[in-house]
Amino acid sequence: MSSDGFRRLSPDQVYLLRREPADPATLGAAAAIVEEVRTGGERALRACSERYGDLEPGAPLVIGRDELDRSLRSLPDGERGLLERTAERIRRFALAQRAALSELDVAVPGGRAGQRIAPVERAGCYAPGGRFPLPSSALMTAVTARAAGVPEVWVASPRPAEITKAAAAAAGADALLASGGAHAVAALAFGAGPVPACDVVVGPGSRWVTAAKQLVSGRVGIGPPAGPSELVVLADGTASPKVVAADLLAQAEHDADALPVLVTTDEPLADRVDEEIRRQLGALPAPQVASEAIRRGFAVVADGPEQALALCDRLAPEHLMVVGEVVEPLARRLRHYGALFVGARSAEVFGDYGAGPNHTLPTGGAARFTGGLSVYHFLRIRTWLAMAEGEDASLLAEDAASLARLEGLEAHARAALLRME
């Protein structure tokens, strides 16, 4: 096997894997950056942005809506139409999600209760901009925030290209912070000069972005931990090695820290995928990053479909693709993933580039407890209670007082019983 091939792990080795959203070394270094911006404000944000190459000395930190609109207008018609069509597909899906959530007004003993739904006031949306601009992330995050009804939406992206600024305009963003990494996340969370403190900070990014989001969680909502990309392909012997290799490489080229994985019930398929990966890598114009990610990834041969399903659930990946006549009918039994793609025609890159569902998805095994970014991350469910007089209300007061006294909280009990007078 060449250096560009997959490692082979046994099922037992997969079960022993431990993955964290951010490693301790990155968390420690990111904490220093976050604190620098928290205490130093705009001055520290600018210093970090220039230090890490996000911003030329003296260049503006914030790009206003007028300039974003100019970038959108300046695009060739084909590119502008592409951004607007993609934004509309994301918007339709997000609005359908929003429509699935309703306000409530229901009877309870002695009165009525319910819930009201309200968006947060301000959202910060991160769009990576490292080796390549990622306008799709600006669309995925900011369009979804607007669909949720957020009044003020900011995008942050380092070294923003014209296409990224145009995407922020197409998504309806109010302004763009020309900064990235942990310092941009800190600015969105705490505020820095012209950048206001946001209520929610979301979006995919490097391990530095993921670490910073983890550090500011609690002060702001952070959505799913969306670090370096992950793809698990579950395939049997009928799957096309060419298709499987293409999708694994598509995720591998995101980031050297990406994790591409093949879980298969057929060892000869693993060999053929390995050969196909080497062949396709050689045909890429810039294979270095994908090659490094492939070396981080691995293939595992399961004893059969049941073990293959268990391995996928153990990994709980960001993206899970199921390909092959034997395993595709079993896809509904999978429990833990950010997004599922069933069948060879359902390319994972269609999810990346705006079929409708969001591409900001949980990584590091977080799919065990959360889903991908949606309008729900920008909404607050607030409950209310309105009580009246009557026998049911008196019973509720007595029960509340009794429970309070079981907990040793006499003032609670007296406050409840006062309502019976």
How many residues of the range 370-421 are open to solvent by 70 Å² or more (accessible area, probe 1.4 Å) and touching a His at 6+ places or on another chain (Cβ under 9 Å)? The answer is 2
Checking E348 against (1) open to solvent by 10 Å² or more (accessible area, probe 1.4 Å); (2) among the acidic types (D, E); (3) touching a residue at least 60 places away in the same chain (Cβ under 8 Å), the condition it does not meet: (1)
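Keeping to the range 137-151, report how many residues are open to solvent by 20 Å² or more (accessible area, probe 1.4 Å) and touching a helix residue (DSSP H, G or I) at 6+ places or on another chain (Cβ under 9 Å). First the steps, then the outcome.
Going through the range 137-151, the residues open to solvent by 20 Å² or more (accessible area, probe 1.4 Å) turn out to be 146, 149, 151.
Restricting the remaining residues to those that are touching a helix residue (DSSP H, G or I) at 6+ places or on another chain (Cβ under 9 Å) gives 146, 149.
Qualifying residue count, the range 137-151: 2.
Taking the condition of being assigned to a helix (DSSP H, G or I) and over 21 Å from the mean Cα position of the chain (by Cα), how many residues in the range 12-42 meet it? First the steps, then the outcome.
Of the residues in the range 12-42, the ones assigned to a helix (DSSP H, G or I) are 12-15, 24-42.
So of that shortlist, the ones also over 21 Å from the mean Cα position of the chain (by Cα) come out as 12-15, 25, 28-29, 32-33, 35-42.
Going through the range 12-42 one residue at a time, the tally reaches 17.
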Out of the range 125-165, which residues are among the aromatic types (F, W, Y) and part of a loop (DSSP other than H, G, I, E, B)? F132
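Where residues in the range 68-78 are touching a residue at least 40 places away in the same chain (Cβ under 8 Å) and surrounded by fewer than 16 Cβ atoms within 10 Å (Cβ to Cβ), which of them is nearest to P196 (Cα to Cα)? Please lay out each step first, then the result.
First, pick out the residues of the range 68-78 that are touching a residue at least 40 places away in the same chain (Cβ under 8 Å): 68-69, 71-72, 74-75.
Those left that are additionally surrounded by fewer than 16 Cβ atoms within 10 Å (Cβ to Cβ): 69, 74.
Details: D69: 21, S74: 28 Å.
So, considering only residues that are touching a residue at least 40 places away in the same chain (Cβ under 8 Å) and surrounded by fewer than 16 Cβ atoms within 10 Å (Cβ to Cβ), the one nearest to P196 (Cα to Cα) is D69.
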Scan the range 98-124 for residues that are free of Cβ contacts under 8 Å to residues at least 24 places away in the same chain and not in a strand (DSSP E or B) and jot them down. A99, A100, S102, E103
Are any of the residues in the range 113-120 farther than 22 Å from L82 by Cα and of a type in the set (K, R)? yes
Across the range 8-45, which residue is modelled with the highest pLDDT among those that are open to solvent by 50 Å² or more (accessible area, probe 1.4 Å) and touching a Gly at 6+ places or on another chain (Cβ under 7 Å)? E42
Selection count where residues are farther than 20 Å from P224 by Cβ and assigned to a loop (DSSP other than H, G, I, E, B), scope the range 327-368: 6
Name the pairs whose Cβ atoms lie under 8 Å apart, with the first residue in the range 378-390 and within 30 Å of E121 (Cβ to Cβ) and charged (D, E, K, R), the second open to solvent by 90 Å² or more (accessible area, probe 1.4 Å) and part of a strand (DSSP E or B), and 6 or more positions between them or separate chains? R382/R116
Answer yes or no: is there a residue in the range 46-58 that is open to solvent by less than 80 Å² (accessible area, probe 1.4 Å), under 21 Å from L311 (Cβ atoms) and of a type in the set (K, R). no
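The values are calculated or read from the model by the stated rules, or taken from the named source; none is laboratory data. Given the structure is predicted, the values throughout are model-derived calculations rather than measurements. Using ideal geometry, Cβ is built from the backbone for each residue, glycine included, and neighbour counts are taken over all protein chains shown. SASA here: full protein model, heavy atoms, side chains in, ligands and nucleic acids out. Shrake-Rupley method; radii C 1.70, N 1.55, O 1.52, S 1.80 Å.
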